[in-house]
Amino acid sequence: MLDNKHEAVQEVLDQVIAIAKPEAVFLYNCKYDLDGDLISFKLCVICEYDNKRRLLSEIFDVDCDIPFDILLYTKEQFKELRDDTAAFANRICTKGKMLYGQE
């Protein structure tokens, strides 16, 4: 569970879990205004999918007052890239926060 400052992230996360049935979800980027209020965030979703475009469309239909972005990996893609220090998946694993799933 995230704190009140990240309530929008939690709401999107709950809906992403329902839509994508992911293996894991990482929060890997948050931006804040000068008052410390969240103004945007990015999630990395690791899940299996048949049609990436359709799944992203469903996720982006989620109602949220704060702009967000989604990065999708299949389980195989993420497993292959997470240990490669030159890959973005590695940065997500090391710098991001796992919100859902097990490492």
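None of the figures in this text is laboratory data; all of them are computed from the coordinates on show. Just so it is clear, the structure is predicted and the values come from calculations on it, not from any experiment. Backbone-built Cβ (ideal geometry, glycine too); neighbour counts: all protein chains shown.
Pairing each residue of segment 82-103 that is touching a residue at least 60 places away in the same chain (Cβ under 8 Å) and on the phi > 0 side of the Ramachandran plot with any residue that is surrounded by 14 or more Cβ atoms within 10 Å (Cβ to Cβ) and not in a loop (DSSP other than H, G, I, E, B), provided the two are 6+ apart or on different chains, yields C-beta distances under 6 Å for GLY101/ALA24. Exactly one residue out of LYS31, LYS52 is surrounded by fewer than 14 Cβ atoms within 10 Å (Cβ to Cβ) and in contact with a Phe, Trp or Tyr (Cβ under 8 Å, 6 or more places away or on another chain), and it is LYS31.
Tell me, which residue of segment 70-89 that is among the aromatic types (Phe, Trp, Tyr) and buried (at least 16 other Cβ atoms within 10 Å of the Cβ) is nearest to CYS47 (Cα to Cα)? The selected residue is TYR73. Just one of the numbered conditions (1) over 18 Å from ALA8 (Cα atoms); (2) among the aromatic types (Phe, Trp, Tyr); (3) under 12 Å from the mean Cα position of the chain (by Cα) is not true of TYR49: (3).
Among ILE39, ILE17, which is out of contact with any Leu (no Cβ under 6 Å at 6 or more places or on another chain), of a type in the set (A, V, I, L, M, F, W, C), surrounded by fewer than 16 Cβ atoms within 10 Å (Cβ to Cβ) and in contact (Cβ under 8 Å) with a residue 12 or more places away in the chain? Criteria check complete, one pass: ILE39.
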